[in-house]
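Trainee: Here it is, the structure in full.
The values are calculated or read from the model by the stated rules, or taken from the named source; none is laboratory data. All values derive from a computational prediction rather than experimental measurement. FYI the Cβ positions are ideal-geometry reconstructions off the backbone, even for glycines, and counts take in every protein chain you see. Protein only, heavy atoms only, side chains kept; ligands, DNA and RNA dropped before computing areas. Shrake-Rupley method; radii C 1.70, N 1.55, O 1.52, S 1.80 Å.
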Amino acid sequence: MTITDTDASADLDGPFPRAEVENLTRDEAAARSAHLSVQTCDVDVDLSAAAAEGATTYPVTTRISFRSSAPGGETFLDYLGASVEEVVLNGAALPVAEHVGAARIRLPELAEENLVEIRSTSRFSRSGEGLHRFVDPADGQVYLYTQYEPADSRRVFPVFEQPDLKAVFRITITGPETWELRSNGAETSREQVPGAAAGLEGVGLVRVRFAETRRLSSYITALLAGPYRRVDGLWSGGVEGEEPLEVPLAVLCRSALAEHLDAEELLDLTRRGLDFFHAEFAFTYPWGKYDQVFVPEYNLGAMENPGLVTFTEAYVFDTAATDAQRETRANTLMHEMAHMWFGDLVTMRWWDDLWLKESFADYMGSLAVDEATDWTTSWISFANGRKAWAYVQDQLPTTHPIVADITDLEAADQNFDGITYAKGASVLKQLAAFVGREAFREAARRYFSRHAFGNASLNDFLSVLGEVSGRDMTSWAEAWLQTAGVPVLAASVDDAGRVVVDESGTDPATGGPISRPHVVEVGVHVLDETTGTLRRTCSVPTTLDGRTVVTELELPAPGVPRLLLANDEDLTYAKLSLDAESVAAVLVHPVQDPLARATVWAALWSMVRDGELSASRFLEAVMTLGLQIEEVVVVQALLRQSVRALELYTPVEQRETLEERFAGRLAEFISEEAGGDRQRAAARTLATLSRRTSAQLELLAALLDGEAASLGISGLDLDEEIRWAFLQALTVHGRVQREVLDAELAARTTARGRIAHRLALAARPQAEVKRAAFAQAIAGTDEHGAELSNDHLTATVVGFRCGPSTLVADHDEDYFAALQDVWTRMSQGQATRVVSGLYPGVQDLAAGQSPEEHPAARRTAEWLRAHDDAPAALRRILIEEQDGLLRGLRAQQAARS
Ligand SMILES: [Zn+2]
């Protein structure tokens with residue numbers, strides 16, 4: 001079969017158009033909430049025909065009661081629907097013609113108490129924004145779910161779309177009686193209604209009403225509909241000294257994945273999380289039930305809709321998952337649960353303070369995995385993964401303070417980034433060290449009890465923090481939250497033989513030096529002859545203030561390998577500049593303490609990115625020491641970084657040899673390991689690397705042919721994921737033809753298989769294939785003109801970029817020419833995939849060439865100069881891509897000198 005026969009994207013008439021007026025500004029929002037308050041919002045969604053083949057729209061009825069303190073004035077509702085049939089404000093019908101195709105419904109001549117009723121028609125989404133509709137290729141069943149943050153509830157119903165206009169929501173869904181129909185609140189009534197479900201033979205219809213919510217922002221309301229499979233559970237517990245509570249739990253996923261849903265583990269984690277957060281926050285879970293749903297074609301990891309949390313179904317492990325993947329999932333689960341308080345109960349007033357929920361949820365997620373589950377590597381994952389993300393982002397020219405200046409929704413959309421999440425969380429970890437864990441906990445408790453069901457801003461948090469710590473936190477907040485950039489900590493030994501720590505770094509926004517208060521542990525790790533590892537011999541808690549002498553540290557005799565670590569325990573947020581003696585030691589000897597080890601590897605990776613450590617020395621260390629590390633999460637990160645080091649930071653004349661050596665070492669490692677997570681991680685990496693080097697293709701082909709035993713390889717599960725990864729690599733080199741890919745898909749037609757198949761097709765090394773893939777990506781449609789879902793769009797983009805950049809260099813000019821059109825035509829999520837994914841960012845620096853002279857860098861600079869007035873969010877992507885390209889070229893240059 002071909003991949004488009006049952007393609008649900010044929011159902012839609014086109015991507016959501018974007019108009020200027022969609023972009024609500026902070027000032028408009030503030031003006032609106034200055035005189036409005038919303039009481040209730042009744043939303044009736046009719047999904048009777050959602051299962052019908054080719055369904056594109058659905059009827060919605062909305063009823064909003066609100067007060068205005070400026071009667072006689074006017075306001076507007078946000079709505080990005082297909083059509084508006086009727087608007088009745090305070091009993092009088094308003095003309096509807098002007099609302100069609102617009103993003104706003106104008107409400108003139110307000111009374112003090114207002115009631116507006118709207119009948120309208122909304123569109124199903126294929127981009128994951130709004131009410132997404134997915135047709136499962138495995139069984140043809142239709143699944144729906146919503147995703148709204150930051151501002152897509154207006155794609156489903158007319159609404160005051162801003163976080164500080166909270167309302168009580170009363171939601172009903174009419175839909176097929178055999179489906180799961182769910183929303184934030186629990187089901188309270190269900191009545192049979194006349195008629196039959198379109199597209200479902202002999203299935204009647206029901207109208208389901210859900211419990212009215214407590215006061216909520218619209219971006220966290222949610223709907224779910226479809227033949228999802230459900231496993232129920234229960235949690236009981238509560239806040240000490242208060243009435244105990246029972247919370248019904250459920251986990252759901254689509255039928256085709258149900259056999260892989262490990263509901264018991266998920267329910268167990270959920271119960272542990274609820275125990276933990278009740279003890280931590282001392283505020284009873286206020287949202288009734290707790291559903292967790294794994295949904296298809298999801299754009300993000302998860303979303304904290306109260307009572308109905310949505311997750312990417314990549315978290316339903318239908319192929320072998322490593323323990324590190326399970327830990328990541330647990331972390332996401334806890335992150336979303338923390339949001340039930342941070343974000344859902346107390347919400348930021350506007351997107352400037354997005355960090356008030358995301359940084360906290362990120363920090364609390366890691367804390368909960370550490371303290372409430374059996375995983376012991378939470379802070380190691382944090383040091384190695386989350387922080388690496390923050391350091392990368394915080395060195396980009398587009399970085400910003402944690403408390404950002406977000407003037408409108410487009411800017412808000414771009415702000416779900418490594419600063420808001422990972423840097424914010426890292427700074428909160430430092431804050432907990434700075435004021436003490438108890439004070440931090442008490443601050444959170446006061447914040448919830450004071451602002452429950454309302455909105456808050458930075459000052460509200462600082463004031464509770466000031467109360468509990470007894471300190472004025474203003475200067476701390478200025479230094480950490482209101483300035484940008486990564487501090488650099490360098491520990492070294494001065495001429496007098498004392499250990500000193502220097503802080504440096506530049507705020508990219510002001511160009512000024514960075515100076516921040518740090519509470520750290522400074523540690524010394526010395527080679528232990530018996531174990532052959534660098535073992536911590538002493539560590540001293542230190543408050544850093546400019547250049548700081550750490551007096552109590554004892555150093556080993558000269559010549560004995562040792563590591564000086566300025567951020568032992570990883571308490572603060574800083575890049576580490578290791579002194580030469582430390583670098584020499586850690587490239588040869590393993591560090592014994594797991595957290596210190598992860599911190600050191602993060603520092604080494606920073607040095608590679610900065611051109612201070614060559615990719616080849618880093619790779620040598622990964623091959624000898626890195627692969628042996630016990631924590632799979634660290635091994636996975638090192639393997640990813642190694643591939644990046646090869647493609648971006650290695651000069652072309654060294655690359656081939658190094659790629660072959662690295663691929664050879666992975667192949668060896670796969671046979672040494674005989675099963676387990678590290679073997680699987682190595683196999684995945686070998687597949688990715690083999691898109692670039694042909695050194696181990698014979699091995700991949702032989703494994704696909706079932707010859708593992710004769711190759712001396714055991715324990716490697718050649719499941720759907722690994723098979724496709726190997727096939728994709730072979731395809732890039734022209735070793736696999738289309739028939740083989742089609743046959744693989746026909747043997748197992750799953751959503752995963754279809755995405756992998758599309759990637760492989762676009763990865764074939766022929767010019768006409770690349771031309772077609774490029775055109776599809778730019779148009780956002782498949783070969784039949786049907787809109788690509790986000791996953792399929794990404795697969796097309798990634799497949800196009802597979803193979804040598806010379807094969808696709810002809811399209812670079814078309815790429816730059818198409819940028820503005822793509823940005824205008826596609827939704828922001830889709831456009832970001834295309835603009836970022838097709839960017840020619842992997843390039844070789846010719847000998848004697850300067851990085852800025854490279855044609856791709858020059859062309860980007862030219863585009864940016866000529867498009868000063870392009871949307872800021874589009875420029876931001878180009879500036880970041882350009883920075884990544886230049887960083888790579890500079891590292892290549894440094895490796896030659
Ligand atoms: Zn979050």
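Trainee: For region 270-290, enumerate the residues that are without any contact (Cβ under 8 Å) to a residue 40 or more places away in the chain and either within 16 Å of the ligand (Cβ to nearest atom) or on the phi > 0 side of the Ramachandran plot (or both).
Mentor: Hits for region 270-290: nothing passes.
Trainee: Do we have any residue at all in region 848-866 that's open to solvent by 50 Å² or more (accessible area, probe 1.4 Å), among the acidic types (D, E), at negative phi and part of a loop (DSSP other than H, G, I, E, B)?
Mentor: No, there is no match, as no residue in region 848-866 is open to solvent by 50 Å² or more (accessible area, probe 1.4 Å), among the acidic types (D, E), at negative phi and part of a loop (DSSP other than H, G, I, E, B).
Trainee: Mind listing whichever residues of region 333-352 are in a helix (DSSP H, G or I), of a type in the set (D, E, K, R) and either in contact with a strand residue (DSSP E or B) (Cβ under 6 Å, 6 or more places away or on another chain) or surrounded by 24 or more Cβ atoms within 10 Å (Cβ to Cβ) (or both)?
Mentor: E336
Trainee: Could we say that L266 is more than 13 Å from the ligand (Cβ to nearest atom), within 14 Å of A250 (Cα to Cα) and in contact (Cβ under 8 Å) with a residue 12 or more places away in the chain here?
Mentor: Yes, satisfied.
Trainee: While we're looking at this one, here's another question. Quick check, is E620 open to solvent by 30 Å² or more (accessible area, probe 1.4 Å), touching a residue at least 12 places away in the same chain (Cβ under 8 Å) and part of a helix (DSSP H, G or I)?
Mentor: yes
Trainee: Can you tell me which residue within region 387-397, out of those that are part of a helix (DSSP H, G or I) and among the hydrophobic types (A, V, I, L, M, F, W, C), is most open to solvent (accessible area, probe 1.4 Å)?
Mentor: My answer is W389.
Trainee: Just the residues that are among the acidic types (D, E) and part of a helix (DSSP H, G or I), please, taken from region 564-617.
Mentor: E581
Trainee: Considering only region 374-386, I want to know if a residue exists there that is open to solvent by 10 Å² or more (accessible area, probe 1.4 Å) and under 23 Å from R32 (Cα atoms).
Mentor: No: zero hits.
Trainee: V591: more than 22 Å from V622 (Cβ to Cβ) and buried (at least 19 other Cβ atoms within 10 Å of the Cβ), yes or no?
Mentor: The answer is no for V591.
Trainee: Another question, if that's okay. Listed residues L131, L165, L181; which is in a loop (DSSP other than H, G, I, E, B) and either open to solvent by less than 20 Å² (accessible area, probe 1.4 Å) or touching a Ser or Thr at 6+ places or on another chain (Cβ under 6 Å) (or both)?
Mentor: Every option except L165 fails the conditions.
Trainee: For region 399-433, give me each residue that is in contact with a Lys or Arg (Cβ under 7 Å, 6 or more places away or on another chain), open to solvent by less than 20 Å² (accessible area, probe 1.4 Å) and not aliphatic (A, V, I, L, M).
Mentor: S426, the sole residue that qualifies.
Trainee: Looking at this structure, is G512 on the phi > 0 side of the Ramachandran plot, exposed (fewer than 13 other Cβ atoms within 10 Å of the Cβ) and without any contact (Cβ under 8 Å) to a residue 60 or more places away in the chain?
Mentor: no
Trainee: Okay, moving on. Can you list residue pairs whose Cβ atoms sit under 7 Å apart, with the first residue in region 291-303 being farther than 14 Å from L266 by Cα and the second being of a type in the set (D, E, K, R) and more than 16 Å from the ligand (Cβ to nearest atom)? Count only pairs 6 or more apart in sequence or on different chains.
Mentor: V295/E313; P296/R254; P296/E313; E297/D791; Y298/E313
Trainee: Another question about this same structure. Would you mind telling me which numbered condition in (1) within 16 Å of the ligand (Cβ to nearest atom); (2) in contact with a Pro (Cβ under 7 Å, 6 or more places away or on another chain); (3) within 25 Å of R597 (Cβ to Cβ) V369 fails?
Mentor: The single condition V369 does not satisfy is (2).
Trainee: Search region 750-761 for residues that are closer than 11 Å to T796 by Cα and pair each with any residue that is open to solvent by less than 20 Å² (accessible area, probe 1.4 Å) and among the hydroxyl-bearing types (S, T, Y) when their beta-carbon atoms are under 7 Å apart and the residues are at least 6 apart or on different chains.
Mentor: R758/T796; A760/T731
Trainee: While we're on this one: Confirm whether R684 is at pLDDT 95 or above and closer than 30 Å to A330 by Cβ.
Mentor: yes
Trainee: Still on this structure, please answer the following. Could you list, in sequence order, all residues of region 470-503 that are in contact with a Pro (Cβ under 7 Å, 6 or more places away or on another chain) and hydroxyl-bearing (S, T, Y)?
Mentor: Passing the criteria: only T483.
A quick yes/no check of all residues on (1) closer than 15 Å to V231 by Cβ; (2) modelled with pLDDT of 95 or more; (3) touching a His at 6+ places or on another chain (Cβ under 7 Å):
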{"site": "G273", "(1), (2), (3)": "no, yes, no"}
{"site": "H278", "(1), (2), (3)": "no, yes, no"}
{"site": "Y298", "(1), (2), (3)": "no, no, no"}
{"site": "T312", "(1), (2), (3)": "no, yes, no"}
{"site": "F317", "(1), (2), (3)": "no, yes, yes"}
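Trainee: Looking only at residues that are of a type in the set (D, E) and more than 17 Å from G301 (Cβ to Cβ) in region 345-366, which one is farthest from the ligand (Cβ to nearest atom)?
Mentor: D352
Trainee: I would also like to ask the following. Among L711, L788, which is the only one that is aliphatic (A, V, I, L, M) and in contact with a strand residue (DSSP E or B) (Cβ under 7 Å, 6 or more places away or on another chain)?
Mentor: One residue alone meets the criteria, L788.
Trainee: So, one more: So which residues in region 492-540 are closer than 30 Å to W476 by Cβ, in contact with an Asp or Glu (Cβ under 6 Å, 6 or more places away or on another chain) and modelled with pLDDT of 95 or more, if there are any at all?
Mentor: Scanning region 492-540 gives S492, V500, E521, G523, R536, C538, S539, V540.
Trainee: Restricting attention to region 296-311, report how many residues are touching a strand residue (DSSP E or B) at 6+ places or on another chain (Cβ under 6 Å), part of a loop (DSSP other than H, G, I, E, B) and within 10 Å of the ligand (Cβ to nearest atom).
Mentor: So the answer is 1.
Trainee: Further, regarding this structure: When region 765-793 is examined, which residues are found to be of a type in the set (S, T, N, Q) and within 24 Å of the chain's Cα centre (by Cα)?
Mentor: S789, N790
Trainee: Is it the case that some residue within region 317-332 is within 13 Å of the ligand (Cβ to nearest atom) and open to solvent by less than 10 Å² (accessible area, probe 1.4 Å)?
Mentor: Scanning region 317-332, I find no residue that is within 13 Å of the ligand (Cβ to nearest atom) and open to solvent by less than 10 Å² (accessible area, probe 1.4 Å), so the answer is no.
Trainee: Separate question: For region 246-265, which positions are under 17 Å from P306 (Cα atoms) and either touching a helix residue (DSSP H, G or I) at 6+ places or on another chain (Cβ under 7 Å) or at pLDDT below 95 (or both)?
Mentor: Answer for region 246-265, where residues must be under 17 Å from P306 (Cα atoms) and either touching a helix residue (DSSP H, G or I) at 6+ places or on another chain (Cβ under 7 Å) or at pLDDT below 95 (or both): V247, L249, V251.
Results for (1) under 23 Å from L613 (Cα atoms); (2) open to solvent by less than 20 Å² (accessible area, probe 1.4 Å), shown as yes or no for each residue.
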| residue | (1), (2) |
| --- | --- |
| P651 | yes, yes |
| S671 | no, no |
| D677 | no, no |
| E698 | no, no |
| L711 | no, no |
| F726 | no, yes |
| V732 | no, yes |
| R735 | no, no |
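Trainee: So which of A425, A444, A439, A404 ends up being touching a Gly at 6+ places or on another chain (Cβ under 9 Å) and either within 16 Å of the ligand (Cβ to nearest atom) or under 16 Å from L356 (Cα atoms) (or both)?
Mentor: Selected residue: A425, the only one of A425, A444, A439, A404 that is touching a Gly at 6+ places or on another chain (Cβ under 9 Å) and either within 16 Å of the ligand (Cβ to nearest atom) or under 16 Å from L356 (Cα atoms) (or both).
Trainee: Hey, which of the strands (runs of 3 or more DSSP E) in region 187-229, taking only ones fully inside, have at least 2 residues that are farther than 17 Å from N305 by Cβ and small (G, A, S)?
Mentor: 187-196
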